Amino acid sequence: MGFGFQTEPVQKPTTVPKNIKSLVQKQDPAQQILRNIFFIGTEPYNIKEIFQYAWIFPKLTQDIEKENLLKEKKNIYFFGQTEPIVINSEQVFVPVIICVKSDNEIPFQLSLTSVQASSEQIIDLNELKLGLNQVQIFSKRENKKQKDLVTLLQLNGRFDKITKNQENNYTYSNLYLPFTDYLHQQLKLLKTPESSDIEIKYDNTVYQDICVDKTDNIEQQAKFIICKYILKLNMNDLDVDNYKIDQDMLNKVIIQINQGIKDFEHKCSLKREQMSARVEESKKHQELLKDLEVVKYYPIDADEDIFIKTSGFVNRYFGQAKKIIQ
């Protein structure tokens, strides 16, 4: 998925510096990024829990102050995500800072997945009040105070303004890039289905989520639907084929089944067209983003020796990070 980056070996944790207090203060560049980025795909009420631990990112600070990280590429973006671990039988959300670098501007969007992961919606960042904002951070380079503009994914608002019915959108969100291989995979899944989910209306009552198969006998399926859903008969010992059903009722249900199959297939066809268009669009972006580099920065806890299992996986669009640094 993504570009299938070759992940480099994890860079081992930097020794925890003696000047811990200065690292957790505002002037440390990594701390400024940590406290300003949005943690994508994290339940809103868990975000406050992140800061119960004294997380520090000494290697990110070193990369900014000594390795000239912010000058490596024309466009450098930071966003956050959390990865849960268990400490003393309690779940702890470890903040991970993702750095995305490219010489070309990156067309970030959002993918919203349903709670059941059965549907996907691609939207603009601003629909969830998220933005890629330029923020001024301070660092110390060559013993001089410096200030830089960095681009951070941020929530343009307050968490306490998020309503209950919005929370799932934040929880099941992913940063999206239109990478061709992921979209091709999704396109293959959108074949014309043999079965269709339809609804039947009879006597002002609507019966939803009825599954029918266009390869099976439509009249037999209509009889089954009438007996089970409309007449609510006990189906255990019922001989549906020989059960006498009003012909007018049967005809009405058959018409609706045929129309329902057509409507369902039309929806599937539209989805395929939309996905095909996204595949074509992604080819252009993929050419532009050949130089894309993704780095995952894992933290160290300043107070405790916490073991954090690292992973190169970012999400299903970005695939694997090129570097994992702790």
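The values are calculated or read from the model by the stated rules, or taken from the named source; none is laboratory data. Given the structure is predicted, the values throughout are model-derived calculations rather than measurements. Because the Cβ atoms are built from the backbone with ideal geometry, glycine has one as well, and the counts that use them run over all protein chains shown.
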Residue 104, sole failed condition from (1) touching a helix residue (DSSP H, G or I) at 6+ places or on another chain (Cβ under 6 Å); (2) buried (at least 16 other Cβ atoms within 10 Å of the Cβ); (3) farther than 24 Å from residue 35 by Cα: (2)
Filter pass, residue 71 being within 16 Å of residue 47 (Cβ to Cβ) and either surrounded by fewer than 14 Cβ atoms within 10 Å (Cβ to Cβ) or of a type outside the set (Val, Ile, Thr) (or both): no
Hits in the range 107-131 (condition: in a strand (DSSP E or B), buried (at least 18 other Cβ atoms within 10 Å of the Cβ) and hydrophobic (A, V, I, L, M, F, W, C)): 110, 112, 130
Looking only at the range 298-326, and only at residues there that are of a type in the set (D, E, K, R) and assigned to a strand (DSSP E or B), the one that is modelled with the lowest pLDDT: 301
Residue list for the range 31-49, restricted to those being assigned to a helix (DSSP H, G or I) and under 14 Å from residue 134 (Cα atoms): 32, 33
Residue 84 being in a strand (DSSP E or B), at pLDDT 90 or above, surrounded by fewer than 13 Cβ atoms within 10 Å (Cβ to Cβ) and not aromatic (Phe, Trp, Tyr): yes
Among the residues listed as 54, 30, the single one being at pLDDT 85 or above, closer than 25 Å to residue 91 by Cα and within 26 Å of the chain's Cα centre (by Cα): 30
Test: residue 228 is buried (at least 16 other Cβ atoms within 10 Å of the Cβ), farther than 30 Å from residue 111 by Cα and not aliphatic (A, V, I, L, M): yes
Test set (1) buried (at least 17 other Cβ atoms within 10 Å of the Cβ); (2) closer than 28 Å to residue 64 by Cα; (3) not β-branched (Val, Ile, Thr) - residue 282 fails condition number: (2)
Inter-residue pairs, beta-carbon under 8 Å, first assigned by TED's automatic domain parsing to the domain that holds residue 242 and within 14 Å of residue 239 (Cα to Cα) and in the range 203-227, second surrounded by fewer than 18 Cβ atoms within 10 Å (Cβ to Cβ) and charged (D, E, K, R), 6+ apart: 220/241; 221/213; 223/241
Cross-chain or 6+ apart pairs with Cβ under 9 Å, the range 35-54 first and under 22 Å from residue 115 (Cα atoms), then assigned to a loop (DSSP other than H, G, I, E, B): 41/172; 44/162; 47/38
Answer from 134, 154 - the residue that is out of contact with any Pro (no Cβ under 7 Å at 6 or more places or on another chain) and exposed (fewer than 15 other Cβ atoms within 10 Å of the Cβ): 134
Search result, residues across the range 112-127 that are modelled with pLDDT under 90 and either under 14 Å from residue 177 (Cα atoms) or not assigned by TED's automatic domain parsing to the domain that holds residue 82 (or both): 120, 121, 122
Residue, surrounded by the most Cβ atoms within 10 Å (Cβ to Cβ), within the range 231-258, restricted to residues that are without any contact (Cβ under 8 Å) to a residue 24 or more places away in the chain and assigned to a helix (DSSP H, G or I): 240
Number of the exception - residue 295 against (1) crowded, with 16+ Cβ neighbours inside 10 Å; (2) at pLDDT below 95; (3) within 30 Å of residue 61 (Cα to Cα): (2)
Members of the range 118-136 found to be small (Gly, Ala, Ser) and in contact (Cβ under 8 Å) with a residue 24 or more places away in the chain, listed by number: 131
